[in-house]
Amino acid sequence: MKKCIALLCAVLLAFGTVFTSSLLAAGDISEALLEGAAASYADGYLYVGEKLTASDVAALFDGNASVSGVGRNEYAGTGAIVSVDGQTAELVVRGDLNGDGCKTASDYLLLKRAVLGLSAPEGAVGQAACVTGGSTPKPSDYLTLKKEILFPMEKQDYNGTKLAYVPLDDRPVNVDRVIYLAESGGFEVLMPDADLYSTKLDGNGTNSNGTTLGDPAALTAWLREADKECDYFVISLDQLLSGGLVGSRYLSNTDLTKEYEIIDFLVELCGNNTVYVFDTVMRLASTVNYNGLQQEEYNLFRAYGAEPRATLSGSALTIENIVAGYKNGTDGRPISTSLSEVKINSYLASRERKLRLIDRLLRNGGDKLAYLFVGVDDSTPGNTIQTNEISYIRSLLGEQATLYAGTDELGMMGVARLASDLAPRQVTARTLYYGGGADKPADDFDIETLRENLEKHLGSVDVAVETTAKGDADFDILVLTRTSSAQAAVHSLVDKLQKNIDAHIPTVVIDASSGSSRVLAQKLVDEQIPLTMLLGYSSWNTVGNAIGIAVAQGVVRYDYLQFSKTVTAASDAGFIKGAAFAYLKDIAYIIEKGRYLDPWQSSAQLQAQLMSGTLGGDALLALMEGKAYICGLDEYRTGKVRSISVSNVRFPWNRTFEMTFALNPVLY
């Protein structure tokens, strides 16, 4: 398929595709259209559906109608002329750019050239290129047409669709969770060698490139190879330009020639692929235990970054002005800190570097991306050093991009967006909040309210939102908010969850309570809720992270179950692994163990501790083993888990934040 598309593109480039507008004097023929006719008229153009013969078009009118310019296949396509009682109009079939009356792969390649600026369709062809409306072709037009052609409304076999993935770094949230998620949706994940994207904290050695960060040059070469067998890409910009999230907070080089060359390659990759990219707004402080940074100094940097700066807008909102204001508070005076001038300058240089890199992408081809996710890393409500950076980035974002609080979930969001883009229709989620905190800041690391954050996450993966209890929706999202009445809120949420399970309503649960997570987790155990029946769950780390993880799980699995012709055992196993990982990591480790086990213990010792306790792994797996899980939605079907074994419990970064483990589910 890839070779065929490449060949067709080469032919198009070689011979050129010339679009010309008709010089016909058109009259208003709309009055001659039969009532209820499947056609519309505007400005000399008659808009009709595809695969209509000349007779089909003539039959739309009450009068003596004729059609000229019909192609060899006998369909009346874009550019054909319809005449009715002396009045004429040009036919437009949205998505039919080559005039054959059908929407085919050649049309979406022609449309891609128009979106990339390689051609300028005019007249009827220009109208046909505006698949979603408007007056000029947009990336969304191309994506809509491509999805319609490659994945029409009938069910498709998504299994084995290849996805090339460059993670933010080698932490479990960016690797294990993403792989399980992709598998649950039938995707085959292609990844580079871990050595190329790994981060080494102080005392943990180096990668084969001799540094403690990933290898942008080697990753770029890997992407070129992946391009030969893959059409879909999810790529971390921080990894590709800085060797990972930690590197993006630390590097401060001012010569960005190599980085700009990689950005140019990334835009080039979009030429014949669907590319999703995720990036971050640098957090308020760098990384503890990297390049000697310790907790006390981290706290000083975070406090310095959290100080308000003078906010910029309009023509004053430039990189130069943002950088010039980094050191000063709202009164224009330098912000006081005990950090040395050298360290402050290096910190601010890293911020400037990062801002210039996203600026380069957005101004030089960022609109060619299928979607861009920008996560605000470790923020805080109110005016901070990030505020002007966020405003500047937002001013450059197009319709195929979103910025919100969160970071570690963005790889999963890229996979979820791909699943949505391949689906034949948009799905709708009903959002229900418990606890009364939906319109308050989600947590101490957010920049917006919980509702805003969730709805932006949903919008970024093309999921519509239903907010009423009685409105139509494909699945429910139940959210526990910050609350002073945790017991009552949890009781209502779990009651609704059980009713949904009984009524066969697919459901996602997000624990965004920040301080009441144990209450919800304990209620799930006490009520013996079959955890396998949830499409998604998370309470991990920041609320933005938990939202993205749970939403991605729900969207990918729902789309797969609803729209795939076949649901495989491998996808079921991937789903169970992703679910088990979430419960064991988010509840057993973080809630039950307080996110601390000595990382220098043996794997067997770690596993014994992880699995013990009221909310430990054994208690949670008991709510999965022998329980049903949803494996069909068109005709509601369930499978059953026989057992789930846990092994190789470890800390890949040798710090307590990143526990991971292997999972082996056995299904009936």
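The values are calculated or read from the model by the stated rules, or taken from the named source; none is laboratory data. Just so we're clear, the structure is a prediction, and the values are computed from it rather than from any experiment. All Cβ positions, glycine included, derive from the backbone under ideal geometry; neighbour counts span all protein chains shown. Remember, those area values only see protein heavy atoms, side chains included, never the ligands or the DNA or RNA. Shrake-Rupley method; radii C 1.70, N 1.55, O 1.52, S 1.80 Å.
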(request) Among the numbered conditions (1) touching a helix residue (DSSP H, G or I) at 6+ places or on another chain (Cβ under 8 Å); (2) at pLDDT below 90; (3) of a type outside the set (Gly, Ala, Ser); (4) within 26 Å of VAL267 (Cα to Cα), tell me where THR144 comes up short. (result) (1)
(request) Within the stretch 398-422, work out how many residues are among the acidic types (Asp, Glu), under 24 Å from ASN541 (Cβ atoms) and open to solvent by 10 Å² or more (accessible area, probe 1.4 Å). (result) 1
(request) Please tell me if THR337 is surrounded by fewer than 18 Cβ atoms within 10 Å (Cβ to Cβ), β-branched (Val, Ile, Thr), in contact with a Leu (Cβ under 9 Å, 6 or more places away or on another chain) and not in a helix (DSSP H, G or I). (result) yes
(request) Inspect all residues belonging to the stretch 310-320 and state whether any of them is at positive phi and open to solvent by 30 Å² or more (accessible area, probe 1.4 Å). (result) yes
(request) Report, by residue number, each residue of the stretch 206-237 that is under 17 Å from GLY366 (Cα atoms) and either aliphatic (A, V, I, L, M) or touching a Gly at 6+ places or on another chain (Cβ under 6 Å) (or both). (result) VAL234, ILE235, LEU237
(request) Determine, yes or no, whether SER379 is among the polar types (S, T, N, Q) and either assigned to a helix (DSSP H, G or I) or open to solvent by 40 Å² or more (accessible area, probe 1.4 Å) (or both). (result) no
(message) If a residue counts only when it is over 20 Å from ASN500 (Cβ atoms) and touching a residue at least 60 places away in the same chain (Cβ under 8 Å), which helices (runs of 4 or more DSSP H) contained entirely in the stretch 532-631 have at least 1 such residues?
(response) 543-563, 569-583, 617-621
(message) Which count do you get for residues in the stretch 155-194 that are touching a helix residue (DSSP H, G or I) at 6+ places or on another chain (Cβ under 9 Å), modelled with pLDDT under 95 and farther than 23 Å from GLU225 by Cα?
(response) 2
(message) Being in a helix (DSSP H, G or I) and in contact with an Asp or Glu (Cβ under 8 Å, 6 or more places away or on another chain) is the filter here; which residues of the stretch 497-507 pass it?
(response) GLN498, ASN500
(message) Of all residues being out of contact with any Leu (no Cβ under 6 Å at 6 or more places or on another chain) and among the aromatic types (Phe, Trp, Tyr) in the stretch 238-282, which is nearest to LEU369 (Cα to Cα)? Just the residue, please.
(response) TYR276
(request) Kindly establish whether ASP107 is within 27 Å of the chain's Cα centre (by Cα), farther than 30 Å from ASP377 by Cβ and at pLDDT 85 or above. (result) yes
(request) Answer yes or no: is there a residue in the stretch 423-430 that is closer than 30 Å to ASP331 by Cα, among the polar types (S, T, N, Q), touching a residue at least 24 places away in the same chain (Cβ under 8 Å) and surrounded by fewer than 21 Cβ atoms within 10 Å (Cβ to Cβ). (result) no
(request) For ASP215, indicate whether it is crowded, with 19+ Cβ neighbours inside 10 Å, modelled with pLDDT of 95 or more and among the acidic types (Asp, Glu). (result) yes
(request) Report yes if LEU145 is in contact (Cβ under 8 Å) with a residue 40 or more places away in the chain, among the aliphatic types (A, V, I, L, M) and under 26 Å from GLY186 (Cα atoms), otherwise no. (result) yes
(request) Could you please find all residues in the stretch 448-468 being at pLDDT below 95, assigned to a loop (DSSP other than H, G, I, E, B) and open to solvent by less than 50 Å² (accessible area, probe 1.4 Å)? (result) GLU448
(message) Being open to solvent by 30 Å² or more (accessible area, probe 1.4 Å), over 30 Å from SER140 (Cβ atoms) and either touching a strand residue (DSSP E or B) at 6+ places or on another chain (Cβ under 6 Å) or basic (Lys, Arg) (or both) is the requirement here; does LYS228 meet it?
(response) no
(request) Among the residues of the stretch 195-205, write down those that are out of contact with any Leu (no Cβ under 9 Å at 6 or more places or on another chain) and open to solvent by 40 Å² or more (accessible area, probe 1.4 Å). (result) ASP195, GLY203, ASN204, GLY205
(message) Condition first: closer than 25 Å to LEU524 by Cβ and among the aromatic types (Phe, Trp, Tyr). Can you find one or more residues in the stretch 566-578 that meet it?
(response) yes
(request) Kindly indicate whether SER395 is closer than 21 Å to GLY375 by Cα, touching a residue at least 60 places away in the same chain (Cβ under 8 Å), of a type in the set (Ser, Thr, Tyr) and open to solvent by 20 Å² or more (accessible area, probe 1.4 Å). (result) yes
(message) Suppose we keep only residues that are of a type in the set (S, T, N, Q) and modelled with pLDDT under 95 within the stretch 620-668. Which one would you say is most open to solvent (accessible area, probe 1.4 Å)?
(response) ASN654
(request) Kindly indicate whether ARG302 is in a helix (DSSP H, G or I) and among the basic types (Lys, Arg). (result) yes
(message) Just to check your reading of the model, which residue among GLY613, GLY578, GLY536, GLY515 is within 19 Å of the chain's Cα centre (by Cα), among the small types (Gly, Ala, Ser) and open to solvent by 10 Å² or more (accessible area, probe 1.4 Å)?
(response) GLY578
(message) If TYR404 meets every condition in (1) modelled with pLDDT under 95; (2) not in a strand (DSSP E or B) apart from one, which number is that one?
(response) (2)
(message) If I ask for residues that are within 15 Å of GLY578 (Cα to Cα) and either open to solvent by 10 Å² or more (accessible area, probe 1.4 Å) or over 18 Å from the mean Cα position of the chain (by Cα) (or both), which ones from the stretch 541-553 would you list?
(response) GLN553
(request) Spot the failing condition for PRO192; the list is (1) open to solvent by less than 40 Å² (accessible area, probe 1.4 Å); (2) within 15 Å of SER420 (Cα to Cα), and only one is missed. (result) (2)
